[in-house]
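What follows is one structure encoded as structure tokens, with my remarks underneath.
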Amino acid sequence: MFRSKNLHGIHSPFVYSFVKDIIYNKKLRSKKFKQIENVRESLKRDSTPLISHDHGAGSLDAHSNRTIGSFSRLSSKPKRYAELLYRLGVWHNPTYALELGTALGISTMYQRISFKENINFTSLEGNPMLAEKAVMNFNSVGLDDIHMVIGNFDTTLHTVLTKVPFVDWVFFDGNHRKEPTLRYFNQCLEKATETSLFIFDDINWSREMKEAWREIKANPRVSLTIDLFFIGLVFFNQRYEKEDFVIRY
């Protein structure tokens, strides 16, 4: 494992360029950011009661009497990480993209505006109420081509994967337990190519997630991994030496 708090000492030309030009490049922005952040602010003030559905650790079941607003404040991806997803999407330019865990759709929208127009982008969400609200948010900023699938990932993920030839972008943000995380990873791995990029949220959120992240890094198909503490990036291109970089972000 290679640890670096900054760019100094990164000897891999690809990783050095990637960290400098994508991860740290705050100048890569979109005019849509303001619209999405306006949606975020509106969601924070939403007092609508939220109905719980138990689909994983960190989900709504542990927080009864929650509103849309409180859920948004605690669970939506912070702006700096949402913008990082945007930069990653612009750089990677996927053809078949998948997200596990739509929630209220803030991160989903940041991903969508980074992708090209004819992207095949599917987002999975287990809570029908969140999914309905997310679709309303998409429509409010003119993003009406995101394919939303509602239901337990144990059922919906397999169905979605059978309908695409491959996945070259997957954002895992819907279950924070070890066994489901690894199961979903292995399902998506069957559709991964050497150019795929898998992104895992909250890799240091719990002991289970740390264990899942260690097993993912050790998978023989995985070449390069980058640990940004909250987010982990997984590459499959065998031209990259098998290394794990820990970078401060």
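Hey, how many Å between the Cα centroid of the range 184-245 and the Cα centroid of the range 87-119?
18
Per the Kirkwood treatment, what hydrodynamic radius in Å, one decimal, follows for the range 135-179 from the mean inverse distance over all distinct Cα pairs? List each step's numbers first, then the result.
Numbers: mean 1/r = 0.0782 Å⁻¹.
In the range 135-179 this quantity evaluates to 12.8 Å.
Report the full-extension gain for the segment TYR16 to THR159: residue separation times 0.36 nm, less the Cα-Cα distance, to one decimal in nm.
This chain segment gains 47.7 nm when fully extended.
Treating only the Cβ of Lys, Arg, Asp and Glu as charged (+1, +1, -1, -1), what charge dipole size does the chain show about its Cα centre? Round to the nearest 20 debye.
Taking the Cα centre of the chain as origin, the dipole is about 980 debye.
Using Cα pairs under 8 angstrom and six or more residues apart, how large is the relative contact order of the chain, in percent?
18
Once amide H atoms are placed 1.01 Å from N in the peptide plane, what residues at a sequence separation of 5 or more from ALA192, or on another chain, have their amide H within under 5 Å of its amide H?
Residues meeting the criterion, in which the H sits 1.01 Å from N, are VAL167.
Per residue of the chain, what 222 nm ellipticity follows from adding -39500 (n - 2.57) for every DSSP H run with n ≥ 4, rounded to the nearest 500?
Values: 9 runs with 97 residues, N = 249.
The per-residue figure over the chain is -11500 deg cm²/dmol.
For ALA97, what is the net charge nearby, where nearby means another residue's Cβ is under 11 Å from its Cβ and Lys, Arg count +1, Asp, Glu -1? It would help to have the intermediate numbers written out before the result.
Values: positive: ARG112, LYS116; negative: GLU99, ASP168.
Once all neighbours under 11 Å are counted, the net charge is 0.
Can you list the GluC sites (Glu not before Pro) in the range 95-183 that are in a DSSP coil and have 16 or fewer other beta carbons within 10 angstrom?
Answer in residue order: GLU117.
Excluding ILE203 itself, calculate the net charge of residues whose Cβ lies under 12 Å from the Cβ of ILE203, where each Lys or Arg counts +1 and each Asp or Glu counts -1.
Local net charge: -3.
When only C-alpha pairs under 8 Å and at least 6 residues apart count, what is the relative contact order of the range 81-150, in percent? Can you show the working numbers first?
Details: 106 pairs, mean separation 24.0, N = 70.
This gives 34 percent for the range 81-150.
Starting from 0.36 nm per residue, how many nanometres of slack lie between THR195 and GLU215 once their C-alpha separation is accounted for?
Between THR195 and GLU215, full extension yields 5.2 nm more.
Which chymotrypsin sites (Phe, Trp or Tyr not before Pro) from the range 141-170 combine a DSSP loop assignment with at most 15 other Cβ atoms within 10 Å?
Hits after loop and neighbour filter: PHE166.
Values in this text are rule-based calculations from the coordinates and carry no lab data. Just so you know, these numbers come straight off a predicted model, no measurement behind them. Every residue, glycine among them, receives a Cβ derived from its backbone with ideal geometry; neighbour counts consider all protein chains shown.
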